[in-house]
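First up is the structure itself, then whatever we jot down about it.
No lab work stands behind these numbers, since they all come straight from the coordinates. Bear in mind that the values here come from a model prediction, so they are computed numbers and not experimental data. Cβ placement follows ideal geometry from the backbone for every residue including glycine, while neighbour counts extend to all protein chains displayed.
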């Protein structure tokens, strides 16, 4: 098996300059990401919508989510994910701010 950086197979990571992400990408898992503008205190992010239909559902709810605030400003709320399903997850974060999100897990389709 040839070892590679996450930037070598995840276009979002390459675009954002991420060499790697915290954690392992195991066989059968995929790393992908997107940017999100938080509208409310808690937003529901649907994979189909956020990835422009490139990912519609995860295989299970064991995927990992890494959230990084990308806009300037205060850090009044530490972002966290209270709920995950196969098709979406809730993000609780500061309204009006921008976040970069990386997902690591098994994609169903």
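Structural remarks
- Yes/no for residue 89 being loosely packed, with under 13 Cβ neighbours inside 10 Å and under 13 Å from the mean Cα position of the chain (by Cα): no
- Residue count, the range 28-43 (criterion: under 17 Å from residue 7 (Cα atoms) and surrounded by 18 or more Cβ atoms within 10 Å (Cβ to Cβ)): 4
- Qualifying residue in the range 53-71 (condition: without any contact (Cβ under 8 Å) to a residue 40 or more places away in the chain, more than 15 Å from the chain's Cα centre (by Cα) and surrounded by 14 or more Cβ atoms within 10 Å (Cβ to Cβ)): no
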